[in-house]
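Reviewing the structure listed below.
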Amino acid sequence: TFYASRFHGRPTACGEPFDMHAFTAAHKTLPFHTIVRVRDPKTMKSVVVRINDRGPFLPGRVLDLSRAAAADLDMLDRGVLPVELEIISWGDGARCD
């Protein structure tokens, strides 16, 4: 899934303001600053995002992408998309503020 304008400018769980135009994402457990490649297995399109928030909090959902990342995956109309995750580099988990 993705989140956008309603949260734009609000603090993320790591402390920085959410920017719907940045390539970031929320994950329940990955350390903050972890860099992840998110791939749509159907189209093979992918984006690279940095984990800076916690969520999603709905059953069956793994990741909430920023609007920019969701747009690059062509998922704005669909809202929910099955994806594959690849850890590029592990974050240090430090807060952003």
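The values are calculated or read from the model by the stated rules, or taken from the named source; none is laboratory data. Just so it is clear, the structure is predicted and the values come from calculations on it, not from any experiment. So basically every Cβ, Gly included, is an ideal-geometry build from the backbone, and we count neighbours across all protein chains shown. Heavy atoms of the whole protein, side chains included, go into the accessibility calculation; ligands, DNA and RNA do not. Shrake-Rupley method; radii C 1.70, N 1.55, O 1.52, S 1.80 Å.
Observations on the structure shown:
- Output for segment 71-92, where each listed residue is closer than 13 Å to ILE35 by Cβ and either touching a residue at least 60 places away in the same chain (Cβ under 8 Å) or assigned to a loop (DSSP other than H, G, I, E, B) (or both): TRP90, GLY91, ASP92
- Tally of residues being within 11 Å of the chain's Cα centre (by Cα) and closer than 12 Å to THR1 by Cα across segment 27-67: 10
- Test: residue in segment 31-48 that is in contact with a His (Cβ under 8 Å, 6 or more places away or on another chain) and within 24 Å of GLY9 (Cβ to Cβ): yes
- Residue within segment 85-97 that is surrounded by fewer than 17 Cβ atoms within 10 Å (Cβ to Cβ), β-branched (Val, Ile, Thr) and farther than 24 Å from PRO11 by Cβ present: yes
- Test result for ARG10, at pLDDT below 95, farther than 15 Å from MET75 by Cβ, open to solvent by 10 Å² or more (accessible area, probe 1.4 Å) and basic (Lys, Arg): yes
- Residue match in segment 71-79 (condition: in contact with a strand residue (DSSP E or B) (Cβ under 6 Å, 6 or more places away or on another chain) and either aromatic (Phe, Trp, Tyr) or exposed (fewer than 13 other Cβ atoms within 10 Å of the Cβ) (or both)): no
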